[in-house]
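Structure first, commentary second.
The values are calculated or read from the model by the stated rules, or taken from the named source; none is laboratory data. The shown structure was predicted, so the numbers you read here are calculated from the model rather than taken from an experiment. Cβ coordinates were reconstructed from backbone atoms using ideal geometry, including for glycine residues, and neighbour counts include every protein chain displayed. Just so you know, the surface numbers come from the protein's heavy atoms only, side chains and all, with ligands and any DNA or RNA stripped out. Shrake-Rupley method; radii C 1.70, N 1.55, O 1.52, S 1.80 Å.
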Amino acid sequence: MRKWATGIIVAITLVLTSCENTSFRSSVPVYPVRVIIDTRVGAFVHFQPTVLNSHIVVNRNGFFMDGKYVLPVTAVDAWGYGGVVAYVGLNGYCAFDLACPYCAGRGSCHPCEVSEPFAVCPFCGEEYDLGSGLAMPQHGISHETLRPLNIFSSDGKLTITQRQ
């Protein structure tokens, strides 16, 4: 009985110590994110989970949708390091910081531009697939996805925040 108990303690210790420092750390710095999109009003009524590949970009200039800015950013909004994209992919709504992780890892912020279904870095040329809901790099230049953000849908409002 003692050998069995000792074996379990050793196994638990090995499992717990082997998990140390395995969490993913993005090259994109953590900046505050707080965006609320009310899909019941104005230009946002068409931003529904059934409209695949539609997106809204939010940055210091406001909400960019359908090729134009539709609303300014309010004083309480925060848009991350390189701007925020809310996207309707195969699995519904998803959101990402638009800063290119490859460029951020080299000390500069180059926000990606959205060209459905990709976010494309204008500096290094990497494309991130937004349609999958994962923002995976497509050309192997970057080895990281875009930084994912939390997006919650409740009563027609989308709330985007930073993941902890």
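Given the conditions (1) closer than 15 Å to L98 by Cβ; (2) touching a Pro at 6+ places or on another chain (Cβ under 6 Å); (3) of a type outside the set (V, I, T), and given that R147 satisfies all but one, which numbered condition is not satisfied?
(2)
Please go through region 36-79 and give me each residue that is open to solvent by less than 30 Å² (accessible area, probe 1.4 Å), small (G, A, S), touching a residue at least 12 places away in the same chain (Cβ under 8 Å) and farther than 12 Å from I160 by Cβ, ordered by number.
Selection gives S54 alone.
Could you list, in sequence order, all residues of region 110-161 that are part of a strand (DSSP E or B) and of a type in the set (D, E)? Break it down stepwise before answering.
Filtering region 110-161 down to residues part of a strand (DSSP E or B) leaves 111, 113-115, 118-120, 127-129, 136-137, 148-154, 157-161.
Passing the criteria: E113, E127, D129.
Answer yes or no as to whether V114 is touching a Leu at 6+ places or on another chain (Cβ under 9 Å), open to solvent by less than 30 Å² (accessible area, probe 1.4 Å), touching a residue at least 24 places away in the same chain (Cβ under 8 Å) and aliphatic (A, V, I, L, M).
Values: touching a Leu at 6+ places or on another chain (Cβ under 9 Å): yes; open to solvent by less than 30 Å² (accessible area, probe 1.4 Å): no; touching a residue at least 24 places away in the same chain (Cβ under 8 Å): yes; aliphatic (A, V, I, L, M): yes.
Here the answer is no, as V114 does not meet what is asked.
Determine, yes or no, whether A5 is surrounded by fewer than 13 Cβ atoms within 10 Å (Cβ to Cβ) and either outside any helix (DSSP H, G or I) or at pLDDT 95 or above (or both).
Spelling it out, it is not the case that A5 is surrounded by fewer than 13 Cβ atoms within 10 Å (Cβ to Cβ) and either outside any helix (DSSP H, G or I) or at pLDDT 95 or above (or both).
Go through (1) at pLDDT below 95; (2) among the β-branched types (V, I, T); (3) more than 23 Å from V41 (Cα to Cα) and name the single condition T145 misses.
Only one criterion in (1) at pLDDT below 95; (2) among the β-branched types (V, I, T); (3) more than 23 Å from V41 (Cα to Cα) is unmet by T145, namely (1).
Within the group V70, V88, which residue is within 13 Å of the chain's Cα centre (by Cα) and assigned to a strand (DSSP E or B)? Even if it seems obvious, please write down each step before you answer.
Working: V70 fails: within 13 Å of the chain's Cα centre (by Cα).
Matching residue, one of V70, V88: V88.
Output yes when any residue across region 127-150 is over 17 Å from Y31 (Cα atoms), touching a Lys or Arg at 6+ places or on another chain (Cβ under 9 Å) and open to solvent by less than 30 Å² (accessible area, probe 1.4 Å), and no when none is.
Checked against the condition, which is being over 17 Å from Y31 (Cα atoms), touching a Lys or Arg at 6+ places or on another chain (Cβ under 9 Å) and open to solvent by less than 30 Å² (accessible area, probe 1.4 Å), region 127-150 yields at least one hit.
Identify the single condition in (1) within 20 Å of the chain's Cα centre (by Cα); (2) modelled with pLDDT under 95; (3) surrounded by 10 or more Cβ atoms within 10 Å (Cβ to Cβ); (4) not basic (K, R) that T13 does not satisfy, given that it satisfies every other one.
Evaluating T13 over (1) within 20 Å of the chain's Cα centre (by Cα); (2) modelled with pLDDT under 95; (3) surrounded by 10 or more Cβ atoms within 10 Å (Cβ to Cβ); (4) not basic (K, R) leaves (1) as the failure.
How many residues does region 25-35 hold that are open to solvent by 60 Å² or more (accessible area, probe 1.4 Å) and more than 16 Å from I151 (Cβ to Cβ)?
Here is the first cut: in region 25-35, the residues open to solvent by 60 Å² or more (accessible area, probe 1.4 Å) are 25, 30-32, 34.
Still in the list and also more than 16 Å from I151 (Cβ to Cβ): 25, 30-31.
Looking only at that region, the number is 3.
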